[in-house]
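Structure first, then comments.
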Amino acid sequence: MVFGGWVLALAFVSWTFQVMTQDTIWAFVADAPAQMEDIGSRMMPPAWSFLAELWWPLWETINIATLGTLMGLVMAVPVAFLAASNTTPSARFVRPLALFVIVASRSINSLIWALLLVAILGPGVLAGILAIALRSIGFIGKLLYEAIEEIDAGQVEAITATGASNAQVMAWGVVPQVAPTLAGITVFRWDINIRESTVLGLVGAGGIGVKLEAALGTLAWPKVTMLLIMILATVVVSEWVTAKVRDKLI
C-alpha cells in the first residue's frame, strides 16, 4: 500500500514536471550560466553617481507604502467587525459580504491591482497608493476579524450586564482587547507594503520601480545594480523599524 502510494506520487510529480516544462527551450537553459556571468560582469561596478537620482523615487515608494497601508487600515477595520461572527449585525447577509470583500482583496496581487488602476487612473503614485490599499484590506481584515472572534467573552458580558449600549460594549469591551493586535498587524502589513511598492513602478504605478523599469529597458546594468542595492537597503531598514515597533507593542 505504501509502495503503491509512492509510485503514484512519483508518477504525479513526473507528469506535472512534463506539463511545466513542455514549452521550455533547453538550449536557453543550458546557456543560462554563461548569460548570468555576462550580465553579472556588466552590472559591476554599481553606478554610484546614479544614487542622487534615486532619493525622490525612494521617498515616493515609502509614501506609497505608508499612505496605502493607512488607507487600507481605514477600510479594513469596519470590514473586519462586519466579518467577525461575534460583532457582525447579520450573520446571514452582512457577514458573507464582508468575507467576500476580504477574500477578493487577498486573491488579487498588488501588481494586478496596480495594472487595473493604472488603466483607469493613468500612471502615477495615486494608482500605487490605491493598489496597496486594496491589497491591504484583505490582509488586515482577515487577521483582525480572527482576533475579534478570539476575544474574552467574559469582559463583554460583564460590560453588557451593567446596562451599557452596544456602542459602549464595543468601545470598552471589544476594542481594547484587539487594539494591540491591530497595531501589530498594521506595522507588519506596512513592512510587506514597503517591499511590494518597490516593484509597482514596473507597471507605471510610481516609486522607485519606475527607475528600475527604465534601467532594465535600456540595459543599464550598473544602474540596475544601484537600484537593487537601494531596494535591499530600504527593505532591511523597514524590517528593523518593524521589529523595533513590534517589540514595543507586544
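Being among the aliphatic types (A, V, I, L, M) and either in contact with a helix residue (DSSP H, G or I) (Cβ under 7 Å, 6 or more places away or on another chain) or crowded, with 17+ Cβ neighbours inside 10 Å (or both) is the filter here, so list the residues in region 176-192 that pass it.
Val178, Leu182, Ala183, Ile185, Val187, Ile192
Taking the options Pro96, Pro45, name whichever one is in a loop (DSSP other than H, G, I, E, B), at pLDDT 80 or above and under 30 Å from Asn193 (Cα atoms).
Testing whether each residue is in a loop (DSSP other than H, G, I, E, B), at pLDDT 80 or above and under 30 Å from Asn193 (Cα atoms) leaves just Pro45.
Which ones in region 43-72 are of a type in the set (A, V, I, L, M) and crowded, with 21+ Cβ neighbours inside 10 Å?
Hits for region 43-72 are Ile64, Ala65.
Please enumerate the residues belonging to region 127-184 that are closer than 15 Å to Ala80 by Cβ and basic (Lys, Arg).
The one that is closer than 15 Å to Ala80 by Cβ and basic (Lys, Arg): Lys142.
If I ask for residues that are within 17 Å of Thr88 (Cβ to Cβ) and surrounded by 13 or more Cβ atoms within 10 Å (Cβ to Cβ), which ones from region 157-170 would you list?
Selection gives Thr160, Val169, Met170.
Taking interchain pairs and intrachain pairs at least six residues apart, which have beta carbon atoms under 7 angstrom, with the first residue in region 124-142 and buried (at least 22 other Cβ atoms within 10 Å of the Cβ) and the second among the charged types (D, E, K, R)?
Matching pairs, first to second residue: Ile132/Glu196; Ser136/Arg189; Ile140/Arg189.
Restricting to region 16-39, what's the tally of residues that are assigned to a loop (DSSP other than H, G, I, E, B) and surrounded by 10 or more Cβ atoms within 10 Å (Cβ to Cβ)?
Residues meeting the conditions: 1.
Residue-wise test of (1) within 22 Å of Val118 (Cβ to Cβ); (2) touching a residue at least 12 places away in the same chain (Cβ under 8 Å); (3) more than 18 Å from the chain's Cα centre (by Cα); (4) not in a helix (DSSP H, G or I).
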residue: Trp172; (1), (2), (3), (4): no, yes, yes, no
residue: Val178; (1), (2), (3), (4): no, yes, yes, no
residue: Ala183; (1), (2), (3), (4): no, yes, no, no
residue: Arg195; (1), (2), (3), (4): yes, yes, no, no
residue: Ala205; (1), (2), (3), (4): yes, yes, no, yes
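Which one is nearest to Ile62 (Cα to Cα), of the residues in region 100-158 that are part of a helix (DSSP H, G or I) and modelled with pLDDT under 85?
Among those that are part of a helix (DSSP H, G or I) and modelled with pLDDT under 85, it is Glu149.
Taking region 74-86 only, how many residues are in a helix (DSSP H, G or I) and either crowded, with 19+ Cβ neighbours inside 10 Å or among the hydrophobic types (A, V, I, L, M, F, W, C) (or both)?
The total comes to 9.
Can you name the residue in region 90-123 that is among the basic types (Lys, Arg) and either over 21 Å from the mean Cα position of the chain (by Cα) or on the phi > 0 side of the Ramachandran plot (or both) and is also surrounded by the fewest Cβ atoms within 10 Å (Cβ to Cβ) among such residues?
Within region 90-123, the match that is surrounded by the fewest Cβ atoms within 10 Å (Cβ to Cβ) is Arg92.
Identify the residue in region 209-250 that is of a type in the set (Val, Ile, Thr) and surrounded by fewer than 18 Cβ atoms within 10 Å (Cβ to Cβ) and, among all such residues, is farthest from Pro46 (Cα to Cα).
Going through the qualifying residues, I end up with Ile250.
One line per residue, one yes/no per condition, for (1) free of Cβ contacts under 8 Å to residues at least 60 places away in the same chain; (2) in a helix (DSSP H, G or I); (3) under 30 Å from Ala233 (Cβ atoms):
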{"position": "Val7", "(1), (2), (3)": "yes, yes, no"}
{"position": "Ser14", "(1), (2), (3)": "yes, yes, no"}
{"position": "Ser41", "(1), (2), (3)": "yes, yes, yes"}
{"position": "Phe50", "(1), (2), (3)": "no, yes, yes"}
{"position": "Asn63", "(1), (2), (3)": "no, yes, yes"}
{"position": "Leu67", "(1), (2), (3)": "no, yes, yes"}
{"position": "Gly72", "(1), (2), (3)": "no, yes, yes"}
{"position": "Pro89", "(1), (2), (3)": "yes, no, no"}
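The values are calculated or read from the model by the stated rules, or taken from the named source; none is laboratory data. This structure is a prediction, so every number in the text was calculated from the model and none was measured. Here Cβ is always computed from backbone atoms with ideal geometry, including for glycine, and neighbour counts include all displayed protein chains.
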